[in-house]
Amino acid sequence: MGDTRKRPRAEDSKDDEKTKRPVSEKAQFDRLETISKKPQFERLDTAGEIGAMEMLPTKAEDIKIKLLPLEEKIFNTIKDMLVELKSDTEVRVAGGWVRDKCLGKESDDIDFSVDKMNGEQFAKAMQEYIEKKTGEKARGVGVIQKNPEKSKHLETCTFTIFGINVDVNNLRTEVYPEGSRIPVCKIGTAEQDSLRRDFTCNALFYNINTGKVEDFTGKGLTDLKNGILRTPLDPAKTFKDDPLRILRAVRFAARFSFILDSDIRKAAKIPAIRVQLEQKVSRERFGIELNKVVGGVGNPAEAFQYLIDFNLEDVVFQEPPKGLLLEDPEVKYRQLNPQKLLRSSGIKTMENMHKFLKGSPKATRTVALYAAFLSPYHGYAVKVKKRLVPAVQWILRESIKTADGAVAAVAARILNAAIHFYHLVSLHSKGIEKPEELKILRRRTGSTLLEVKDDYKTALGLCRAIRKAGVDLNIEEKKGESKVTVMMEVEGKMLMDIEMDVYEKWLENSSKLNECWKWKPLVGSKDLMSLLDIRGPAIGEMTRRLVVWRLQNPEAKKEEAEKFLLASVKEDPPKMPPKTNKSSSKKSKKKGKKDKKKRKK
């Protein structure tokens with residue numbers, strides 16, 4: 001079956017057109033019966049943008065950019081400055097702002113490109129002019145230095161204009177000195193600059209001096225209209241120049257429902273490019289790009305599927321060094337070879353979770369989608385110094401270095417809770433007939449809620465996504481078998497959905513565990529000490545016993561709790577430190593202070 005991610009309306013690249021042949025009705029039916037294991041990606045966010053692409057003119061002179069009042073103020077100020085300086089410098093806005101404006105979308109990502117001066121000179125001139133004309137104190141200019149070893153070939157200037165953060169650099173081209181294979185960036189023309197950009201749709205310019213859109217590659221607007229992602233130059237050269245552009249390619253493909261040009265797909269699989277991606281791109285840049293994928297619109301699972309197609313998932317989501325990935329001794333059930341399973345259950349779970357998260361906040365989507373994709377790593381841990389860290393948490397913190405460390409911890413916690421819920425659904429489906437069975441279910445459910453707190457609904461959604469992924473994969477594997485076998489799997493899938501619905505209804509309406517993580521203790525620490533005559537670590541031990549007992553008896557009162565505590569301490573007394581004589585302990589403290597002073601002298 002062909003690439004299931006293609007939009008029916010879009011034109012394909014030339015290489016793909018050559019391979020098309022008339023297909024008989026029977027052959028089409030056979031294709032449906034032996035459906036590919038690649039997910040059928042559902043589009044939830046991009047319908048409006050696809051419509052805007054279809055209406056887009058393909059000639060630059062026919063594009064009318066509608067400016068916001070603040071944008072008009074910024075651009076007019078720039079033009080006034082150039083007039084006062086008697087400068088013939090041309091100032092252009094480049095990249096994503098132009099692309100989004102062509103699609104009728106707003107963007108605050110303004111990147112300026114200038115000729116005849118460098119970015120720092122332009123930024124300082126701009127700030128001096130604004131301060132002179134308005135009296136406003138301009139913020140200082142920041143310069144991000146170039147770093148060719150990390151594919152950062154040109155310094156970029158950042159400054160603030162009327163409250164908007166903007167970047168500026170000069171138009172550039174690459175020149176190869178005689179006898180050298182290492183390019184040197186120099187000031188170039190707008191056409192030369194456009195050819196060095198990542199994709200044709202991002203190589204469009206808006207010329208502030210003329211108020212016109214410029215398409216120097218001759219393909220930017222056409223590719224944007226047809227939904228094709230293409231590089232201005234040979235993609236192998238483009239990716240070698242900056243390997244991170246592979247991740248940008250899959251992000252834009254998922255974000256805008258673009259078709260990746262066949263040359264891009266071939267270049268992304270070149271072994272040398274894989275090595276460049278691993279060696280030249282910092283883990284922080286991986287994290288920035290991937291956070292845009294999972295937190296943005298479009299279908300992130302589609303982008304991750306491309307990484308799998310290009311055999312790059314193990315480069316991006318690197319496992320810890322050999323010998324550090326261990327089996328978590330506290331987890332009974334785990335999958336073998338988790339990295340391999342990212343290609344099947346991981347991507348399938350992510351696709352299911354994406355549907356569940358429709359309308360959720362960006363922070364929730366980010367954490368939950370990472371947890372879904374990395375779900376095969378549940379049950380594995382990484383030894384960090386003397387403690388074990390969940391493998392999911394380690395990968396997010398160290399492999400892609402997510403900017404917020406809390407994301408990694410929360411993702412691991414949600415995944416752990418989802419697996420607990422997975423087993424609790426099965427336990428609940430067997431039926432609760434005896435009071436002791438209900439207590440066990442409440443205790444285990446409550447313990448999971450205490451772990452995940454307000455994120456429990458996200459964990460339940462992930463549990464549903466994991467269960468559904470397992471059944472879906474079974475159905476796909478048995479497509480070639482008898483219809484009876486397939487129907488049994490489908491019925492099993494329906495039954496699993498019902499079991500999940502019934503458990504969630506019990507949890508919300510009958511368990512009596514609602515917001516148990518917010519419960520105030522029935523017996524406080526001071527009351528525990530006086531009631532049980534305990535101290536030190538014993539207080540924490542008896543508090544834990546009380547929490548477990550209350551989860552089993554959520555409607556209990558204080559008097560019942562006190563009876564339980566008295567019986568519990570009698571049956572199994574907690575360990576307590578030996579009593580010390582207060583006067584002797586004071587003397588020993590004084591002696592210790594004297595000895596310390598002597599040592600200092």
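At R0 = 51 Å, how high is the FRET efficiency between Glu278 and Lys570 if r is their beta carbon distance? Nearest 0.05 is fine.
After rounding, the FRET efficiency stands at 0.25.
Pop the C-beta distance of Arg334 and Lys86 into the FRET formula with R0 = 51 Å and round what comes out to the nearest 0.05.
Efficiency computed from Cβ-Cβ geometry: 0.10.
Any idea how far apart Leu67 and Asp234 come out in nm if each label point goes 7 Å out from Cα toward Cβ?
It is 4.1 nm.
Say the cut-off is 25 Å between C-alpha atoms; which of Lys520/Lys563; Lys322/Lys385; Lys358/Lys439; Lys66/Lys116; Lys439/Lys468 go over it?
Long pairs (Cα-Cα over 25 Å): Lys358/Lys439; Lys66/Lys116; Lys439/Lys468.
Label point 7 Å out from Leu326 along Cα-to-Cβ: which residues of segment 372-393 have amide N under 13 Å?
Counting only backbone N, you get 380-391.
How do the peptides 85-97, 362-374, 65-77 rank, highest first, by the average count of neighbouring beta carbon atoms within 10 Å per residue?
Per-residue Cβ counts within 10 Å, averaged per peptide and sorted highest first, yield 362-374, 85-97, 65-77.
Report Glu284's accessible area, 1.4 Å probe, all protein chains in place, as a number in Å² to the nearest 10.
About 90 Å², rounded to the nearest 10.
Sum up the charges of everything whose Cβ sits under 13 Å from the Cβ of Thr77, counting Lys and Arg as +1 and Asp and Glu as -1, but leave Thr77 out.
It works out to a net charge of -3.
Segment 410-456: which trypsin sites (Lys or Arg not before Pro) are DSSP loop and have at most 14 other beta-carbon atoms within 10 angstrom?
Lys430
Could you give the distance between the Cα centres of segment 250-284 and segment 333-411, to the whole Å?
Each part reduced to its Cα centre gives a spacing of 22 Å.
For segment 246-330, with every protein chain kept in place, what is the accessible area per residue (1.4 Å probe, Å²)?
About 37 Å² of surface per residue is accessible.
Tell me, what is the FRET efficiency for Met55 and Glu131 to the nearest 0.05, using R0 = 30 angstrom and their Cβ-Cβ distance as r?
Once the sixth-power term is evaluated, E becomes 0.10.
Hey, got the dipole for segment 154-262? About the Cα centre, +1 on K and R Cβ, -1 on D and E Cβ, debye to the nearest 20?
Roughly 280 debye for segment 154-262.
Check each of the trypsin sites (Lys or Arg not before Pro) in segment 285-327 and keep only those in coil by DSSP with at most 15 other C-beta atoms within 10 angstrom; list them in order.
Lys322
Any chance you could run the full-extension gain for Lys212 through Glu508? It's 0.36 nm times the residue separation minus the Cα-Cα distance, nm to one decimal.
100.8 nm
The values are calculated or read from the model by the stated rules, or taken from the named source; none is laboratory data. Since the structure is predicted, the reported quantities are computational estimates derived from the model, not experimental observations. Note that each Cβ is placed from the backbone with ideal geometry, even for glycine, and that neighbours are counted across all protein chains shown. Just so you know, the surface numbers come from the protein's heavy atoms only, side chains and all, with ligands and any DNA or RNA stripped out. Shrake-Rupley method; radii C 1.70, N 1.55, O 1.52, S 1.80 Å.
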